[in-house]
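Worksheet for the structure shown next.
The values are calculated or read from the model by the stated rules, or taken from the named source; none is laboratory data. What you see is a predicted model; the values in this text were computed from it and never measured. So basically every Cβ, Gly included, is an ideal-geometry build from the backbone, and we count neighbours across all protein chains shown.
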Amino acid sequence: MSQAQQVQQIQIHSKQDHSNVNSNQTTNKTYQQDNNNVVRVDIQSYQNAENDGLLNQTNPIQTIVINQEEQQASKELNSINIKDQLLSLQDEEEKRKEMLMLQKPGTIDKGYVLYSDKLMEHIISDQDIQKVLIDQFKFERETIWCFENEKNQSITELEQLKMLCITWNMHGSMPQLCTNKLLRPDQIEHHIIVISSQECLRSIPMSIFCESKQKWEAHLSYVLGNKYELVKSVSMNALHLGIFMVKDLVKYVTAVSIDQKATGVMNLFGNKGGVAISMDIGDKSYLFINSHFSSGQNNNERRNQDYQVISQSLNLPKYCQNPNESLFKRFHYIFWMGDFNYRIDAKSKEEVDELINTNKYFELLKRDQLMAQKKIGQVFSDFQEGLILFPPSYRVLDEQNKFTDGSDARIPGWTDRILFKQKNPDTIKLLNYESALDVFGSDHRPVFAQFLVKGKFIETFKPIQVKESAACNIF
């Protein structure tokens, strides 16, 4: 066995009394050691340590990195893809040399780290973690993808589907050359591709007079090629949501329904609002929502209202036996994406520019309005989101990765987001949460997420139709 494959047993010692461990108890975890003598751990080790009672404020445990020179350890860490696992464990005896342990993104048994208030507190309180992560917020780096060059198995052999969800405010444009970089059909075979767009093809005012998105759908179908089929789409004003699938999966789709809700002036005009598609895929029920919330730096109350109106108004699936039941309890899986328009709390763009120029990106995340509203229960209370490790997606130059300035300047923000909800734990696995930094043509950069979603696929050969959905029988 080569040194790169050696597995080393490291002991995490806790010298203090905790509710779940004795004062002298030792917990053994398995770590992978590579040929540069850097030890890596996965997120499960972090969670196990937390469950064992080894993590609290008085006894922080940091990950051990066995390396003779701290400079070399930092160099090695920076050469690793930082888009996977984030751990913050400390061994009291060894002290810390690094606080971040990472694995190659897309590792099936690991998954992408999810945002939590506790995790954010750990990061903000530790400058060393932030130093390792700084480069992820730079436009100059490459976009990270999972599943590259992996071939799909037969649908009947699958227990998990590979899903790509994309949200993109297209700024009224029809990008031609960048779409292939966003969908990557020749490099990655996703089973399901969900494309949500705002200000699609035309500006919001022009979309009032011409709402058709046929040109956009035809372009997407052309880029994706013969392997994929557009199963269903829905549009309202400048909003569009389309779901493509590999053709072998289409016959397992039933109970397809669509709905929409305008939240513009008097909740009647579709310049803002949401569109949605629900369906059963195999034995699981899905809900996909695309929304464009109200704009404005200080318009949180109206954005929160948009969320509530859409949540309470969407009537999906059709012909459900329990129409009075909460929308969020009707489905196994919910994916809600869009330009939610939540900004960074700041008095001026200059204030944000200063934080960006001094690499204080986590201070910006700390001021993210969506996270703040979610924390106090105003929006997305039961939804999950990956940890944001990409630059603000708005407002940037159409053809250059640079924030706008001058008369077009806006305070940058992570306005474009993807959140998800699962009825049962461990049935959705987020593997990547990222911005497509090489896709231009708009003042927003697309944001995408890659998932593994559990399900069973029994031959039905039923045509796609509106019928009683499995979502109606969850409880």
Scan segment 254-268 and report the pairs whose first residue is free of Cβ contacts under 8 Å to residues at least 60 places away in the same chain and whose second residue is acidic (Asp, Glu), with Cβ atoms within less than 7 Å and a gap of 6+ or a chain change.
Thr263/Asp306
Contact list please: Cβ distance under 6 Å, first residue in segment 270-287 and more than 19 Å from Ser197 (Cβ to Cβ), second residue surrounded by fewer than 24 Cβ atoms within 10 Å (Cβ to Cβ) and of a type in the set (D, E, K, R), pairs at least six apart or on different chains.
Gly282/Lys456; Asp283/Lys456
Scope segment 140-149; condition surrounded by fewer than 18 Cβ atoms within 10 Å (Cβ to Cβ), closer than 21 Å to Gln187 by Cβ and under 21 Å from the mean Cα position of the chain (by Cα); matching residues
Arg141, Glu142, Glu148
Which residues, taken from segment 371-406, are assigned to a loop (DSSP other than H, G, I, E, B), among the charged types (D, E, K, R) and over 18 Å from the mean Cα position of the chain (by Cα)?
Arg395, Asp398, Glu399, Asp405
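Residue-wise test of (1) of a type outside the set (Gly, Ala, Ser); (2) closer than 30 Å to Tyr361 by Cα; (3) outside the structural domain of Lys181 (by TED's automatic domain parsing).
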| position | (1), (2), (3) |
| --- | --- |
| Ser125 | no, yes, yes |
| Ile129 | yes, yes, yes |
| Val132 | yes, yes, yes |
| Gln136 | yes, yes, yes |
| Phe139 | yes, yes, yes |
| Trp145 | yes, yes, yes |
| Gln160 | yes, no, no |
| Leu164 | yes, yes, no |
Would segment 390-406 turn up any residue that is polar (S, T, N, Q) and more than 23 Å from Arg141 (Cβ to Cβ)?
no
Quick one: would you say Glu229 is more than 30 Å from Pro412 (Cα to Cα) and at pLDDT 95 or above?
yes
Across segment 260-278, what is the number of residues that are of a type in the set (Val, Ile, Thr) and part of a strand (DSSP E or B)?
2
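Listed here are the residues, each with its yes/no results for (1) among the polar types (S, T, N, Q); (2) on the phi < 0 side of the Ramachandran plot; (3) buried (at least 18 other Cβ atoms within 10 Å of the Cβ).
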site: Trp336; (1), (2), (3): no, yes, yes
site: Lys366; (1), (2), (3): no, yes, no
site: Phe380; (1), (2), (3): no, no, yes
site: Leu387; (1), (2), (3): no, yes, yes
site: Trp414; (1), (2), (3): no, yes, yes
site: Asp426; (1), (2), (3): no, no, no
site: Ser435; (1), (2), (3): yes, yes, yes
Filtering segment 107-137 down to residues that are among the basic types (Lys, Arg) and surrounded by 14 or more Cβ atoms within 10 Å (Cβ to Cβ), which residue is farthest from the chain's Cα centre (by Cα)?
Lys131
Kindly indicate whether Gly225 is crowded, with 20+ Cβ neighbours inside 10 Å, closer than 25 Å to Ile155 by Cβ and not aliphatic (A, V, I, L, M).
no
For segment 427-437, does any single residue satisfy the condition of being assigned to a strand (DSSP E or B) and under 21 Å from Val352 (Cβ atoms)?
yes
Hey, among the residues in segment 170-220 that are more than 17 Å from Gly273 (Cβ to Cβ) and charged (D, E, K, R), which one's surrounded by the most Cβ atoms within 10 Å (Cβ to Cβ)?
Arg184
The listed residue being out of contact with any Lys or Arg (no Cβ under 6 Å at 6 or more places or on another chain), of a type outside the set (S, T, N, Q) and either free of Cβ contacts under 8 Å to residues at least 24 places away in the same chain or not assigned by TED's automatic domain parsing to the domain that holds Lys456 (or both), out of Leu230, Leu249:
Leu230
Of all residues in segment 378-387, which are small (Gly, Ala, Ser) and over 17 Å from Phe293 (Cβ atoms)?
Gly386
Filter result (among the small types (Gly, Ala, Ser) and touching a helix residue (DSSP H, G or I) at 6+ places or on another chain (Cβ under 8 Å)) within segment 147-178:
Ser154, Gly172
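Residue by residue, here is whether (1) over 19 Å from the mean Cα position of the chain (by Cα); (2) assigned to a helix (DSSP H, G or I); (3) not hydroxyl-bearing (Ser, Thr, Tyr) holds:
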residue	(1), (2), (3)
Ser295	yes, no, no
Asp306	yes, yes, yes
Val309	yes, yes, yes
Gln312	yes, yes, yes
Leu316	yes, no, yes
Asn322	yes, no, yes
Glu325	yes, no, yes
Ile334	no, no, yes
Tyr342	no, no, no
How many of the residues making up segment 279-289 are part of a strand (DSSP E or B) and farther than 28 Å from Pro205 by Cα?
7
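Residue by residue, here is whether (1) modelled with pLDDT of 95 or more; (2) surrounded by fewer than 20 Cβ atoms within 10 Å (Cβ to Cβ) holds:
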residue	(1), (2)
Pro317	no, no
Gln321	no, yes
Glu325	no, yes
His332	yes, no
Arg343	yes, no
Lys347	no, yes
Leu355	yes, yes
Asn359	no, yes
